[in-house]
Structures are given as structure tokens and as C-alpha cells.
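Report on one structure; see the data block that follows.
The values are calculated or read from the model by the stated rules, or taken from the named source; none is laboratory data. On a predicted model such as this, the values are computed, not experimentally measured, just so you know. FYI the Cβ positions are ideal-geometry reconstructions off the backbone, even for glycines, and counts take in every protein chain you see.
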Amino acid sequence: MSETPKPLAGVKVVELGTLIAGPFCTRIMAEFGAEVIKVEAPEGGDPLRQWRKIYEGTSLWWYVQARNKQSVTANLKHPEGRAFVRRLIAGADILVENFRPGVLEKLGLDWESLHAENPGLVMVRLSGFGQSGPYKDQPGFGAVGESMGGLRYITGFPDRPPVRTGISIGDSIAALWGAIGGLMALRHREVNGGAGQVVDVALYEAVFAMMESLVPECDVFGFVRERTGNIMPGITPSNTHTTRDGKYLTIGANGDAIFRRFMLAIGRADLADDPGLADNGGRDARRDEIYGLIDAWCAGQDAADALALLEKAGVPASRVYSVLDMFADPQFIARQMFESAKLPDGRDFRMPGIVPKLSATPGGTKWVGPALGAHTDAVLAGLGYSPEQIAALRATGAV
């Protein structure tokens, strides 16, 4: 790992978040050098610690989601617990929270008072529907954001109900917008001499912002995009096909020159030279014919042979990978997309590598997700609490 200071070195982040959106937002910052202090409830901590596959009492997801973070415990219902958190925030550059709107205000941790104490504070707020509007008080997880934001409506096949994408993509998209917004606000503060500000990210809006040409197409043409399975009407050919050995092959040959090379490679010079298929509009008008012939060709090929031929012809294609395929793939390995780490009992395991790749100041992993409250005493001491005061906070249940 590079010894060069990370790009976010010196940036202090306090996380008041659980599960996915808030913690993924701060994970990105932690991977690139920010000091992230995660505040958890003393009893149980972040529920993500118990989500999905559990190893020796802790979720494997937790070790990735909380890597490089410090864990402190604070009872936000206890006045001394809130005082501790307020002191933390007073020295922070960024606060990330994903409570339902109004919760922090009820705890006295409202923007106005926090901003008065720390004028440079950037407050990233992630919620289902944002901090304003008639829906702001409603609970809204990623699934709701994906549904209301338009993603689920267009995901799946036309003869079946909408489906989810397989991961909590709405939360993750919101987290990315939160990280981008937080760093933009930090740049404004540092470069333009501005004060801190609130970054308000609604999950449904985060998804909605990714919906390509959905809005203008409906507004201008009255066109409502529907579920189309693995194809995208208007862009042909781009689809997933099944090979003779039962593998799934995605082929994107929708460029004019690429389509011609593809047809020549599979022995269809007649279609390569067909003037009616020379552009995307002509191909899309005959997409059923084209997809039928590609289906037939793939059904007669083993995946490895088909991919070798398509690579030689310069046609974008890939098998649909499982995680086992990723483990064995030389591109994943060459790009260091797996990091070796150790679980608390010393067992080696693999975590996903860091994205994006920075040439001079790359991100990295210093430690995996910590035990609950592992850094509480050290952080309290750094804020000036004496050993006696720390002991008293523990005795009263404040931390």
C-alpha cells in the first residue's frame, strides 16, 4: 500500500448511520484516508453486524462495510451520551446520518445548533424521501426508493411483475451521491471560503437521477419505458444468450462497424452487407430476427469458443459471472480487485478491492470492521475525558 498520504487524510467524519446508505457513504471516505468515527448504540450496534452470512457471531459484510472505521458507542437517549457525540461533531468536517427526518432534531442534534457550534460542518443527510415534502416523515428503505424512483418498474420481463436487481442498489446509489455531495460541499468550504452546508439525499431521487432519458422521452413523445427483459429497445443487438454448455453470454454488438464484424465472424456475410442493417434504426426494426439468429448461433457454441471468436473479431462480450468466476478471472486479479485480510480469529479471507483506482494516492484497507465500541475509550480520551470520567460514562450507560 502506498505511503503517500491519502486524498482525504486530515478529513474527520462522524457517522450516525446504520445498515447500508450512510455506512457505505462513509466507507468510501474511509477507504481514501478520512478518519471515520462510527457512532453505534451500546447494545448490539449497527444491525448490519448481524445481516446475511455470520462468521463467529459477526456478519462478513460488516468487516467490509466498516473497514478503516473507528467504532464508538454512545446512548443518544442519555444526556451524557448526546454530549459526547456533540463534542465529536464539533470537531468534525463531515457528519453523515441516515435517520428518518426529525429524529436528530428530537435529540437536540439539529442542523441549526450543530452549525452554530461548528460553522464549517458539512452534514450529509440520507433518507427515503428527503428533508422536505409531504412524504418526508415516511420510512423509506432502498427497496422503496428503487420502486418510486422508477428502477423496479423497468426491471424484469414484460410478462412478469417487476423484480429487484439482486443487491440493495438504491441504498448504494444514494451513498455514492452522498459521498459526492459531501466532498463537493467540502471543496466549496475550502476553496471558495464558504461555510458548511446540508447535503440532502433522498433515496428515490438518487435512483431517479440514474434513469437516463426516461423523463424527456415521456414528456416529448408520451413514451413510457416498460420492462423488456435483457434487451433495450432502440439499441440492437445487446442481449444475453445461452450457449451450448449452459453458460450465459452477454453480447453488445450495437455499433455499426461492430455489428458488421460480428456477422462476418459468425458466417453471416449476407447480414453484414445488408444495407437495411447498416445502422441501429434498421437493426432495431428487425431485432426479433437478429436476436433469433444470435440465439441459434450461441446455442451451437460452447462459451469459451464463442468468446474466443468474438474477442478476435473485436465484438464486446462476456460470460455472466458468478463470484466464483470472478475469483478465477485474470482481469480481476491483475487489477487487484481482491484484498487479503484476516478475521479476528486469524482466518484469512478475501474482501473486494478498492474503487476507483487513483494513480498517486490510492485507497486501501488499514483494518477490517472493528468490534463494537473498540475505539470508544481512545476517542473519549482524545476529546479530553479523563479515565474517571470515562468510567463514570460507562457506569451510567451513556456509552
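Would you mention how many residues in the stretch 103-125 are outside any helix (DSSP H, G or I) and surrounded by fewer than 17 Cβ atoms within 10 Å (Cβ to Cβ)?
5
Can you say whether Leu324 is surrounded by fewer than 12 Cβ atoms within 10 Å (Cβ to Cβ) and over 30 Å from Arg260 (Cβ atoms), as far as the supplied structure shows?
yes
Can you tell me which residue in the stretch 373-396 is nearest to Thr73 (Cα to Cα), limited to those that are of a type outside the set (A, V, I, L, M) and touching an Asp or Glu at 6+ places or on another chain (Cβ under 8 Å)?
The selected residue is Gly373.
Out of Leu48, Leu88, which single residue is surrounded by 17 or more Cβ atoms within 10 Å (Cβ to Cβ), farther than 29 Å from Ser113 by Cα and out of contact with any Cys (no Cβ under 6 Å at 6 or more places or on another chain)?
Working: Leu88 fails: farther than 29 Å from Ser113 by Cα.
The match here is Leu48.
The rows are residues; the columns are (1) surrounded by fewer than 14 Cβ atoms within 10 Å (Cβ to Cβ); (2) within 24 Å of Tyr55 (Cβ to Cβ); (3) not assigned by TED's automatic domain parsing to the domain that holds Ala253.
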site: Glu311; (1), (2), (3): yes, no, no
site: Ser340; (1), (2), (3): yes, yes, yes
site: Arg347; (1), (2), (3): yes, yes, yes
site: Lys357; (1), (2), (3): yes, no, yes
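Return only the number of the condition from (1) of a type in the set (A, V, I, L, M, F, W, C); (2) surrounded by fewer than 16 Cβ atoms within 10 Å (Cβ to Cβ); (3) assigned to a helix (DSSP H, G or I); (4) touching a residue at least 60 places away in the same chain (Cβ under 8 Å) that Ala195 does not satisfy.
(3)
Which residues, taken from the stretch 230-262, are without any contact (Cβ under 8 Å) to a residue 12 or more places away in the chain and not in a loop (DSSP other than H, G, I, E, B)?
Met232, Ala257
Against the condition surrounded by 17 or more Cβ atoms within 10 Å (Cβ to Cβ), outside any helix (DSSP H, G or I) and assigned by TED's automatic domain parsing to the domain that holds Gly128, how does Val163 come out, does it pass?
No; evaluated as a whole, the condition is false for this residue.
Please go through the stretch 205-229 and give me each residue that is of a type in the set (Val, Ile, Thr), assigned to a helix (DSSP H, G or I) and without any contact (Cβ under 8 Å) to a residue 24 or more places away in the chain, ordered by number.
The answer is Val215, Val220.
Restricting attention to the stretch 171-187, does a residue exist that is in a loop (DSSP other than H, G, I, E, B), loosely packed, with under 13 Cβ neighbours inside 10 Å and without any contact (Cβ under 8 Å) to a residue 40 or more places away in the chain?
no
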